[in-house]
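Participant: Attaching a single structure in structure tokens format; questions to follow.
The values are calculated or read from the model by the stated rules, or taken from the named source; none is laboratory data. Source: prediction; values computed, not measured. As a convention, Cβ positions derive from the backbone with ideal geometry for all residues, glycine included, and neighbour counts pool all protein chains shown. Note: accessible area is taken over every heavy atom of the protein model, side chains too, but ligands, DNA and RNA are not part of it. Shrake-Rupley method; radii C 1.70, N 1.55, O 1.52, S 1.80 Å.
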Amino acid sequence: MAIVGLTDAGDNHLPHHVKSRAIDDEAAAADYCLKGVRHLSDAGITRLPGRYVLPASDRPGASVCISSPGSARVKLPVVDLARLRVPTERAAVLSTIYTACRDYGFFQVVNHGVDSEAIAGMLDVAARFFELPFPERARHMSPDVRAPVRYGTSFNQANDAVLCWRDFLKLSCVPTVEDVVPSWPDSPADLREVAAAYAEASRRVFVEVVEAALEALGIGDGEDGVMEELATAGSQMMTVNCYPACPQPELTLGMPPHSDYGFFTLVLQDDVEGLQVMHDGEWFTVDPVPGSFVVNVGDHFEIYSNGRYKSVLHRVRVNSTRPRISVASFHSVGTERVVGPAAELVDEERGGEARRYMDTDFATFLAYLASAEGKHKNFLQSRRLA
Ligand code: OGA
Ligand code: NI
């Protein structure tokens, strides 16, 4: 129950006005957390409210100081798009993509052709959005997961027993960016223009990378027209994440372990580390490479590749000194389309392998998120065939 959490850890660390509200009015106290972590951090709290404290087994570990050598780092495979475009080098890059998707579910993309001003501009306008006064940000709060713009906090607010140290702005890009941009926030004044240009650039990189990843699977265009759909009628959602400095980062997470739902996610992170990926049963911190995109396989691609590519668990750690901004762009097929293993891989008449996943669609995913099981953040597991 919300209020227990807030007052539990409560001792004397909440600012007086928060604490007295928590005690006087339970609804108002719960509401205070739901205003998000930027709001809490701006209020100058020095200890973490109980609603954010994870059970000991789920905590990220003791050393979260960002300069600490304590946590293991991973150098993800690097995919150079300039080389991908050179005919004599394409095969080698396809092989890198294939092994990265199989062994890590993650890679970094460099030489992607998106200019550095568009990237810096996106991170900058994102930071300025979260600096707006709370009522300005709150105009975009919505319980409707299909709203074209949605400001909120935590991971899956309706289900999270423990809240996450993250605020977010979700910008839908369907049916097209052009169609929805008028409903995106008009403050900061340049947000629409900068975020729309960034969304288009991210989509172009996605199309190039997914085309290569399909080619690496030996599928090419796909008999089912999947590449055509991804390129022309796919779905895209952008999430701008804000992880303020956190008073007790060892007790909480910016995002819990989860996998992403689509084909690929492109993540732009600023120079503050925080993203961790699960590899060989351990968490590794992804080194931010300035100007690159972190790309990860989502559930739909694991299903479509019949398990050759892995949608890997990842999470976000926070730290006590430096706020962090990231922009994740989720790309998949159209929301009405059913995704199952590619016929080329599982067709028995052609000696294909056994089908490892059920068909799924976006509606099933949303229903799952809204359900109790959604708490476990593992949609893919529910789609696996024995
Ligand atoms: C996500 C995600 C990572 C990050 O938005 O799904 O995993 O670094 N983000 O913010
Ligand atoms: Ni993610």
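Participant: Sort out which residues of the range 206-247 are part of a helix (DSSP H, G or I) and within 16 Å of ligand 1 (Cβ to nearest atom), and write them in order of number.
Facilitator: Once the filter is applied, which keeps residues that are part of a helix (DSSP H, G or I) and within 16 Å of ligand 1 (Cβ to nearest atom), the range 206-247 yields only F206.
Participant: Looking at the structure I just gave you, is L313 among the aliphatic types (A, V, I, L, M), in contact with a helix residue (DSSP H, G or I) (Cβ under 6 Å, 6 or more places away or on another chain) and within 13 Å of ligand 1 (Cβ to nearest atom)?
Facilitator: no
Participant: Separate question: What single numbered condition from (1) in a helix (DSSP H, G or I); (2) farther than 30 Å from I45 by Cα fails to hold for E250?
Facilitator: Only one criterion in (1) in a helix (DSSP H, G or I); (2) farther than 30 Å from I45 by Cα is unmet by E250, namely (2).
Participant: So, one more: Can you tell me which residue is modelled with the lowest pLDDT among those in the range 114-134 that are among the hydrophobic types (A, V, I, L, M, F, W, C), within 19 Å of G152 (Cα to Cα) and open to solvent by 20 Å² or more (accessible area, probe 1.4 Å)?
Facilitator: Per the criteria, the residue is F134.
Participant: Right, next: If you scan the range 278-327, which residues turn out to be within 20 Å of L76 (Cα to Cα), more than 15 Å from the chain's Cα centre (by Cα) and either of a type in the set (K, R) or within 12 Å of ligand 2 (Cβ to nearest atom) (or both)?
Facilitator: Within the range 278-327, R308, K310 qualify.
Participant: Restricted to the range 248-269, and to residues that are under 14 Å from the mean Cα position of the chain (by Cα) and surrounded by fewer than 21 Cβ atoms within 10 Å (Cβ to Cβ), which residue is nearest to ligand 1 (Cβ to nearest atom)?
Facilitator: H258
Participant: Further question on the same structure: Of everything in the range 261-277 that's touching a strand residue (DSSP E or B) at 6+ places or on another chain (Cβ under 6 Å) and closer than 24 Å to T360 by Cα, which residue is farthest from ligand 2 (Cβ to nearest atom)?
Facilitator: So the residue we want is F263.
Participant: Now a separate question. Just to be sure, is E353 without any contact (Cβ under 8 Å) to a residue 40 or more places away in the chain and in a loop (DSSP other than H, G, I, E, B)?
Facilitator: When the stated conditions are applied, E353 does not pass them.
Here's the yes/no breakdown for (1) surrounded by 12 or more Cβ atoms within 10 Å (Cβ to Cβ); (2) modelled with pLDDT of 90 or more:
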residue: D24; (1), (2): no, no
residue: A28; (1), (2): yes, no
residue: D31; (1), (2): yes, no
residue: K35; (1), (2): yes, no
residue: H39; (1), (2): yes, no
residue: D42; (1), (2): yes, no
residue: R47; (1), (2): yes, yes
residue: P55; (1), (2): no, yes
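Participant: Just to confirm my filter: which strands (runs of 3 or more DSSP E) fall fully inside the range 280-330 and include at least 1 residues that are open to solvent by 20 Å² or more (accessible area, probe 1.4 Å) and over 23 Å from Q236 (Cα atoms)?
Facilitator: 282-286
Participant: When you check T335 against the structure, is it assigned to a helix (DSSP H, G or I) and either crowded, with 20+ Cβ neighbours inside 10 Å or modelled with pLDDT under 90 (or both), yes or no?
Facilitator: Spelling it out, it is not the case that T335 is assigned to a helix (DSSP H, G or I) and either crowded, with 20+ Cβ neighbours inside 10 Å or modelled with pLDDT under 90 (or both).
Participant: Name the pairs: first residue in the range 109-124 and under 19 Å from D80 (Cβ atoms), second residue open to solvent by 70 Å² or more (accessible area, probe 1.4 Å) and not in a helix (DSSP H, G or I), Cβ to Cβ under 7 Å, at least 6 apart or on different chains?
Facilitator: As it stands, the answer is V110/V78, since those pairs meet every condition given.
One line per residue, one yes/no per condition, for (1) of a type in the set (D, E); (2) within 16 Å of ligand 2 (Cβ to nearest atom); (3) open to solvent by 10 Å² or more (accessible area, probe 1.4 Å):
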residue: R192; (1), (2), (3): no, no, yes
residue: A197; (1), (2), (3): no, no, yes
residue: E229; (1), (2), (3): yes, no, yes
residue: A233; (1), (2), (3): no, no, yes
residue: M238; (1), (2), (3): no, yes, no
residue: N241; (1), (2), (3): no, yes, no
residue: C246; (1), (2), (3): no, no, no
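Participant: Name the single residue that is farthest from D359 (Cα to Cα) among those in the range 210-226 being over 18 Å from the mean Cα position of the chain (by Cα) and open to solvent by less than 10 Å² (accessible area, probe 1.4 Å).
Facilitator: A212
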